[in-house]
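Heads up, the thing below is written out as structure tokens.
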């Protein structure tokens, strides 16, 4: 880690949101269950609903249901509309995350890159008093057409840094894959909804694993 941040000149740390910055499982699983029920689908159990946290919602929906693209788009549109009415705020803090951000803020530029709709991400981070830590908060467009790579690239462009000057932190395979494809060093975390063990992270290029937010500070600010 020391080699990445010092020798390689890291200037920007990009955080995933769902399962990395905040535990958003309550709101997402509640809203997806409600949306599916209203649209006539069999509602999965709670644990399955939580698998919608993190990855692209449409992709996860199509993995679970035999439906066409138009139906999937309609479900996702209904979800986004319902989620923005209040479920977006059903989230919980990860112990130590605010201390982590406070320690890194000022040492590096900080950004967010999330599949969550951008306005929802901003509203959520404002609600939890975190928005002031970030130089850029980047999420998906209203139609949810952006890829993770595009969202991460947007964050780097807004701050004005190159991939080699950046670090991506996330809890899922999609985060790790995006980092690898863009040539960004990656730290995986196991306290979210994607990776459960260091062995899960070891399947992807990475420079460190963290079991909690304060370990991120140990790795990055040491």
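Details
- Residue in region 63-77 that is on the phi > 0 side of the Ramachandran plot, under 19 Å from the mean Cα position of the chain (by Cα) and at pLDDT below 95 present: no
- Scanning region 102-119 for residues that are in contact (Cβ under 8 Å) with a residue 40 or more places away in the chain and within 15 Å of the chain's Cα centre (by Cα) gives 110, 111, 112, 113, 114, 115, 116.
- Only one of the numbered conditions (1) surrounded by fewer than 20 Cβ atoms within 10 Å (Cβ to Cβ); (2) farther than 26 Å from residue 176 by Cβ is violated by residue 87, and that is (1).
- Just one of the numbered conditions (1) surrounded by fewer than 17 Cβ atoms within 10 Å (Cβ to Cβ); (2) under 22 Å from residue 114 (Cβ atoms); (3) at pLDDT 90 or above is not true of residue 59: (3).
- Failed criterion for residue 40 (all others in (1) modelled with pLDDT of 90 or more; (2) more than 20 Å from residue 140 (Cβ to Cβ); (3) in contact with a helix residue (DSSP H, G or I) (Cβ under 9 Å, 6 or more places away or on another chain); (4) surrounded by fewer than 15 Cβ atoms within 10 Å (Cβ to Cβ) hold): (3)
- Region 121-130: number of residues that are without any contact (Cβ under 8 Å) to a residue 40 or more places away in the chain and either closer than 16 Å to residue 16 by Cβ or crowded, with 22+ Cβ neighbours inside 10 Å (or both): 1
- Residue among 174, 166, 140 that alone is under 19 Å from residue 56 (Cβ atoms) and surrounded by 20 or more Cβ atoms within 10 Å (Cβ to Cβ): 140
- Residue that is farthest from residue 164 (Cα to Cα) [pool: residues in region 210-221 that are surrounded by 18 or more Cβ atoms within 10 Å (Cβ to Cβ) and more than 16 Å from the chain's Cα centre (by Cα)]: 215
- Residue match in region 91-100 (condition: closer than 23 Å to residue 158 by Cα, touching a helix residue (DSSP H, G or I) at 6+ places or on another chain (Cβ under 6 Å) and surrounded by 13 or more Cβ atoms within 10 Å (Cβ to Cβ)): yes
The values are calculated or read from the model by the stated rules, or taken from the named source; none is laboratory data. Note that the structure is a prediction, hence the values are computed from the model and not measured. Cβ: placed from backbone, ideal geometry, glycine included. Neighbour counts: every protein chain shown.
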